[in-house]
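Notes follow the structure.
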Amino acid sequence: MSKDTVITRKDMKEPDKFQVAATQAASWAASRKKHLVIAGGAVVAVLVIVAAVSALRAQREQAAGAAASALLAAIGGEVSSVPLPGVPGPFFPTQEAKQRAIIAEAEKVIAAHAGTGPALMAELARGDAQYKLGEWDAALASYERYLKDAPADDSFRFGALEGVGLVREAKGDLAGAAQAYERLAAEAPKMADRADLERARVLAAAGKASEARALLAGFAEKHKDSLLTPEASERLARLGGKE
């Protein structure tokens, strides 16, 4: 049983939530009474527990989603010293104030709803905000935590993988940035063309022009339908390669 499906002692101390879960489990069991009788008592007990845990998990996700509303509001907030007509806000006096607010709201979701989908997304949002503030080490840690906990097929993994590349580059670790973009291409195939373009850029910046040229020279063949092919050709030409 994974950590985010375990009924904690705190959950057990919340009668309303657990009673609702138990009621849902009982309803589920009643609708399958014939099959459960055949299955036997032990199996029935396991199935009822699984149903109760599943119901409770769904409620936890719902509660986490509601808690994340303030985070989403901060992300969508406007930087303005005065309220803007027709814009709901919130408003922040500076870009730094906005990013600080995003981090604060993200940490609330992470602390209160660890193990849920919204908490995972809050980790990614925190990393992005920390990156924009130039807090490289903190951003890298947030991105790495997200990548550790996110499923391999999570549709937002590309954001964290790209974030790692950007942070590594900002820290002057061009080799690490190139590796991050290589990983991005491998784990997020739909972003492979952008990842290869960025990897070629950091390779060139690191003095590895021959490797960058090789990557760009094969770009059109490798990414036949990419809209970035003209840009790859332009970069190759600037590096002294053939278009």
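The values are calculated or read from the model by the stated rules, or taken from the named source; none is laboratory data. The model shown is predicted, which means the values in this text are computed figures rather than measured ones. Counting neighbours? That spans all protein chains shown, and the Cβs are built from the backbone with ideal geometry, glycine included. When the accessible area is computed, the model is the full protein with side chains, heavy atoms only, and any ligands, DNA or RNA have been set aside. Shrake-Rupley method; radii C 1.70, N 1.55, O 1.52, S 1.80 Å.
Could you tell me whether any residue of the stretch 110-126 is among the acidic types (Asp, Glu), under 10 Å from the mean Cα position of the chain (by Cα) and closer than 23 Å to residue 192 by Cβ? Scanning the stretch 110-126 turns up no residue that is among the acidic types (Asp, Glu), under 10 Å from the mean Cα position of the chain (by Cα) and closer than 23 Å to residue 192 by Cβ.
Here the condition is being surrounded by fewer than 22 Cβ atoms within 10 Å (Cβ to Cβ), free of Cβ contacts under 8 Å to residues at least 24 places away in the same chain and of a type outside the set (Phe, Trp, Tyr); of 149, 153, it holds for 153 alone.
Of all residues in the stretch 191-238, exactly one satisfies the criterion of being among the polar types (S, T, N, Q) and under 21 Å from residue 157 (Cα atoms), namely 226. Of all residues in the stretch 147-160, those being within 16 Å of residue 118 (Cβ to Cβ) and either outside any helix (DSSP H, G or I) or polar (S, T, N, Q) (or both) number 5. Residues that are in a loop (DSSP other than H, G, I, E, B) and in contact with a helix residue (DSSP H, G or I) (Cβ under 7 Å, 6 or more places away or on another chain) were ranked within the stretch 105-146; the one that is least open to solvent (accessible area, probe 1.4 Å) is 116. Taking the criterion of being without any contact (Cβ under 8 Å) to a residue 12 or more places away in the chain, in contact with a helix residue (DSSP H, G or I) (Cβ under 6 Å, 6 or more places away or on another chain), under 30 Å from residue 208 (Cβ atoms) and assigned to a helix (DSSP H, G or I), would at least one residue in the stretch 161-175 satisfy it? Within the stretch 161-175, none of the residues are without any contact (Cβ under 8 Å) to a residue 12 or more places away in the chain, in contact with a helix residue (DSSP H, G or I) (Cβ under 6 Å, 6 or more places away or on another chain), under 30 Å from residue 208 (Cβ atoms) and assigned to a helix (DSSP H, G or I). Among the residues that make up the stretch 166-181, is at least one of them under 17 Å from residue 99 (Cβ atoms) and open to solvent by less than 50 Å² (accessible area, probe 1.4 Å)? Scanning the stretch 166-181, I find at least one residue that is under 17 Å from residue 99 (Cβ atoms) and open to solvent by less than 50 Å² (accessible area, probe 1.4 Å), so the answer is yes. The test for being open to solvent by less than 40 Å² (accessible area, probe 1.4 Å) and either of a type in the set (Lys, Arg) or free of Cβ contacts under 8 Å to residues at least 24 places away in the same chain (or both) holds for residue 218.
Of the residues making up the stretch 80-104, just one is polar (S, T, N, Q), part of a helix (DSSP H, G or I) and open to solvent by less than 70 Å² (accessible area, probe 1.4 Å), namely 99.
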